[in-house]
Amino acid sequence: MTQMPYDYTLVFGSVIAALLACYFAVSLEQILFRGARPKYEKLILICSGALLSAAIWSMHFFDLLVSHMPGVQSFDYSLTFASYLIAFAASTVAVWLTTRFTLPLPRLILGAVLMGAGIAGMHYAGMLGMSVEGYALRHDPLIAVCSVLIAIGGSGLAFLLAFRNRHARKYRTAVKFAVALILTLTIAAMHYTGMAGIRFVPVNAVHLQLKLESGHDLQLLTVLFVTGLVLAVAFCVALLERRLEERSRQLSKANRELANQAVQDNLTKLPNRLFLAEYAHFLFTGHSSSQEPIAFLYIDLDRFKAVNDVFGHHIGDQLLIQLANRLHRMLDGQSKLLRIGGDEFLMVLESASAEQAALAAEKILALIQDSFLIAGKEINVSASIGIAMYPEHGSSLQDLLINADAAMLTSKYQGRSTYSVFCYTADQQEAKSQTRLINDLYKAVEDQQFVLFYQPKFKSCGLTICGVEALIRWKHPLLGLLMPNMFIRGAEKTGLIIRMGYWALEEACRQIKLWEKNYPQFLPVSVNLSAIQFEHKHLFSTLEELLKKHQVDPSYLMIEITESTAMHHVENSIRTLQRLRQMGIKLAIDDFGTGHSSFLYLKNLPVDELKIDKEFIHDLTPQSKEEMILESIIQLAIKLGLMVTAEGIETPLQAEILTRLGCQQMQGYLLGLPVDSRRLEKAETGSAARAFH
């Protein structure tokens with residue numbers, strides 16, 4: 001067996017050439033570390049892998065060419081080219097693995113194994129493609145394994161050093177040189193270790209030559225198979241990891257977009273109410289110590305609904321987008337613009353006085369008054385602005401928005417296209433109180449915090465009870481017993497009046513059943529229906545269900561509606577009243593004389609009772625105009641076959657005049673106050689006027 005000597009001067013030159021190639025490859029790799037543009041990333045990766053594989057390949061074959069072989073050497077070009085492809089594939093994939101944002105231990109090991117296997121695979125593929133005349137090559141397996149381990153260990157050390165110092169600003173050139181030097185020494189150490197395990201055996205017999213060549217090929221094929229298997233597995237893992245990274249990147253992008261959409265208005269792309277809550281918390285926390293003023297400008301477009309109705313909602317949307325763009329140009333680092341409703345915007349000015357807020361409002365109004373050109377149409381709109389100042393007009397976001405909205409409504413009352421600064425008034429305090437009551441009303445409906453009081457009606461002759469009127473009261477947990485005038489309007493605005501009204505009807509039916517045998521004088525029980533409930537689509541089915549559930553005679557229930565409700569849609573009202581009368585329920589018109597009805601309509605309404613409003617009774621005196629009006633109403637109503645009831649009787653003189661005029665029934669504080677069912681039942685029946693005081 002023969003060993004191979006070297007020309008060390010040429011060997012040193014090959015190492016220098018490999019060092020330069022590795023340095024340039026590492027430089028390109030550092031560009032990937034710093035984050036190149038996506039369209040250049042693949043090109044840089046391929047170039048880096050090509051340079052690194054060229055350094056490995058050229059050093060290997062240069063050293064083979066300058067070594068003193070025992071015979072004439074030749075190369076198989078296909079295997080030689082295959083050896084370069086192995087080095088290129090391994091280098092490219094290893095560089096890609098180690099230039100990700102993170103380098104965990106499994107990825108470092110995978111990159112080192114891949115690079116080391118690529119160096120070893122290139123070496124032994126090249127040796128397989130080389131032949132020496134008269135000699136056969138034999139490999140020492142132990143030394144071959146050591147050469148592979150050297151390649152893996154050196155590659156891992158180089159990658160770790162490159163990743164740890166990827167963001168280094170100082171000594172960047174020295175770091176790149178150190179990485180290149182480690183790679184070069186790794187390639188050289190692997191090459192010469194592998195060459196040290198090779199023995200050249202003279203071939204003297206054909207049988208011996210075939211046997212040696214067969215053993216030699218088997219060794220090399222085994223090494224190449226293992227190397228190829230490692231490369232294939234590593235490549236599959238790399239593809240899988242890249243796909244996972246791509247999915248993670250897409251998921252992260254989708255999460256960011258969802259987070260932005262949550263705090264962003266879809267139409268105008270401005271921040272929305274959700275962002276406002278977080279932004280206000282940041283503002284108030286930062287300004288709580290300094291107490292610097294913050295201006296909240298509540299912007300509401302005037303008659304925006306008319307734009308949608310006339311030109312279409314798509315034009316209205318474009319108007320809002322153009323408006324947002326105009327106002328956005330006003331912003332600086334100390335201001336924000338948000339869309340908080342359909343045509344409502346909010347501009348927040350940090351560290352701004354009331355005077356500065358007023359100037360900003362004037363500028364906003366001027367911008368909005370300029371025409372908007374949309375789809376060839378010239379749209380003109382105006383706006384009303386309300387200004388509230390922190391902390392003068394409120395220390396919480398809710399208070400500031402309520403007060404800014406109140407100031408905006410003041411601007412609308414003043415003729416629109418103007419601005420107003422919030423100021424405390426009795427009306428605004430009342431509005432705030434109503435807002436709190438409406439908020440409590442939701443819980444009141446859920447918990448049924450209501451009770452029915454009953455005010456009796458009396459026959460004019462003998463003053464005997466001839467029925468009661470059910471009046472709702474709210475047993476507020478903090479404010480006590482509240483009268484209807486304090487919450488009915490809010491219940492109508494919120495739609496809660498529907499549930500409250502049906503509760504009152506059921507409670508009245510339950511009470512009718514209890515009074516049916518023992519207190520028939522309290523029947524019928526009158527229940528007031530609001531205009532909303534009177535027009536509700538489930539009115540008839542609900543009444544039929546309640547009457548059936550409580551087994552109540554329909555004639556013991558009387559429904560009262562106001563004159564204004566009856567006259568709202570006369571034809572619909574007549575149909576509804578006819579349906580109720582067919583069910584056997586008695587009907588009454590309440591507050592007669594305050595609406596817009598006439599006796600012409602009254603003759604067509606299928607009702608049983610007419611209740612004269614107390615406004616006619618309040619100033620009633622003998623020979624007064626009120627007496628003449630009442631006389632006409634009472635006489636005509638009696639001729640139409642209606643029962644006439646006068647409300648609001650507070651003096652004996654009023655009762656005397658009404659009795660003389662022919663009024664059949666009377667109701668008022670003089671005769672009986674609204675009381676609960678127990679007190680009504682305990683009342684004495686001897687003197688009606690004294691019983692209910």
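Taking square-rooted eigenvalues a ≥ b ≥ c of the alpha carbon gyration tensor, is the stretch 531-670 rounded, prolate or oblate, where a/c under 1.5 means rounded and, failing that, a/b exceeding b/c means prolate? Taking the square roots of the gyration eigenvalues as a ≥ b ≥ c, the stretch 531-670 is prolate.
Remark: the Cα gyration tensor places the stretch 453-610 in the rounded category, a/c being less than 1.5. Legend: ranking of residues T285, T651, T186, T621 from fewest to most surrounding C-beta atoms inside 10 Å; resulting order T285, T621, T651, T186.
Taking a straight line from the alpha carbon of K412, these lysines sit under 29 Å away, with near neighbours fewer than eight places off in the same chain left out: K269, K305, K336, K363, K377, K432, K493. Highest-first packing order for the peptide set 667-673, 110-116, 372-378 is 110-116, 667-673, 372-378, based on the mean count of other beta carbon atoms within 10 Å. With contacts taken as Cα pairs under 8 Å and at least 6 residues apart, the stretch 258-357 reaches a relative contact order of 37 percent. For a Förster distance of 25 Å, can you work out the FRET efficiency between the beta-carbons of L514 and M483, rounded to the nearest 0.05? Computed FRET efficiency for L514 and M483: 0.50. Taking label positions 7 Å along the Cα-Cβ direction at both D619 and N308, the computed distance is 4.5 nm, reported to one decimal.
Can you give the local net charge around L481? Use residues other than it whose beta-carbon is closer than 12 angstrom to its beta-carbon, Lys and Arg +1, Asp and Glu -1. Once all neighbours under 12 Å are counted, the net charge is +1.
Residues within the reach of a label modelled at E355 (point 7 angstrom out along Cα to beta-carbon, backbone nitrogen below 16 Å), restricted to the stretch 391-422: there are none.
Rounded, prolate or oblate, given the Cα gyration tensor of the stretch 551-594, with a/c below 1.5 counting as rounded? Oblate. If you take the alpha carbon atoms of the stretch 275-415 and fit the smallest convex hull around them, that volume is 105 Å³ per residue. Given R0 = 41 Å, the distance between the Cβ atoms of L79 and L43 translates into a calculated FRET efficiency of 0.90.
Think of the stretch 273-424 as a dipole: +1 on every Lys or Arg Cβ, -1 on every Asp or Glu Cβ, centred on the Cα centre; then among G341, L283, L331, G341 lies furthest on the positive end. Subtracting the Cα-Cα distance of F282 and I574 from 0.36 nm times their residue separation leaves 99.3 nm of extension gain. Considering only L546, A588, Q578, and ranking their Cα positions along the charge dipole of the stretch 500-601 that arises from unit charges at the beta-carbon of Lys, Arg, Asp and Glu, the one farthest toward the positive end is L546. For the stretch 568-641, the dipole from Cβ point charges (+1 on Lys and Arg, -1 on Asp and Glu) about the Cα centre works out to 480 debye, to the nearest 20. Pairs exceeding a 19 Å alpha-carbon distance, out of K457/K549; K457/K682; K548/K611: K457/K549; K548/K611.
Which FRET efficiency, nearest 0.05, do Q291 and D399 yield, Cβ-Cβ r, R0 22 Å? E(calc), rounded to 0.05, equals 0.85.
Bear in mind these aren't lab numbers, they're just calculated from the coordinates by the rules spelled out. The shown structure was predicted, so the numbers you read here are calculated from the model rather than taken from an experiment. Cβ coordinates were reconstructed from backbone atoms using ideal geometry, including for glycine residues, and neighbour counts include every protein chain displayed.
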